[in-house]
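See structure below.
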């Protein structure tokens, strides 16, 4: 009797365990950078680049929320006139995924079509940060 009770219970626990994620290994462990200001973008790009240079095999994502999304817009430039998109494309080419919050885009009257090449979207930046940390054990860095 105990064997028939333990077997389904054991299966249920294994299905609910965090290591039984149905995502790829790239979704399970990595580092996620949270940026919510457009005044910190150059700093963020340098920090993410340094992280990648030291940990090139580690999955890395950048989540842009609130004013941080502004730098991901096509043709966005810094105070010196440098294109953010060129810097972001270098990171993306290196395997770093950059996401803009769709909720933020909507609040600004924008869409994914307004973003620089290679920048992806997610429905909610805050929800994605929580999902990566809780379900997939990603390290969280706020820049």
*the stretch 57-143 - share of DSSP beta bridges that are antiparallel (%, nearest 5)*: 20
*Taking every pair of alpha-carbon atoms in the stretch 22-142, what share in percent sits in each 10 Å bin, from 0 to the bin with the longest distance?*
14, 49, 32, 5, 0
*With a ≥ b ≥ c taken as the square roots of the eigenvalues of the C-alpha gyration tensor of the stretch 94-143, please select rounded if a/c is under 1.5 and otherwise prolate if a/b is larger than b/c or oblate if it is not?*
oblate
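Throughout, read-outs are computed from the coordinates displayed, never taken from laboratory work. All of these numbers come straight from a predicted model, not from anything done at the bench.
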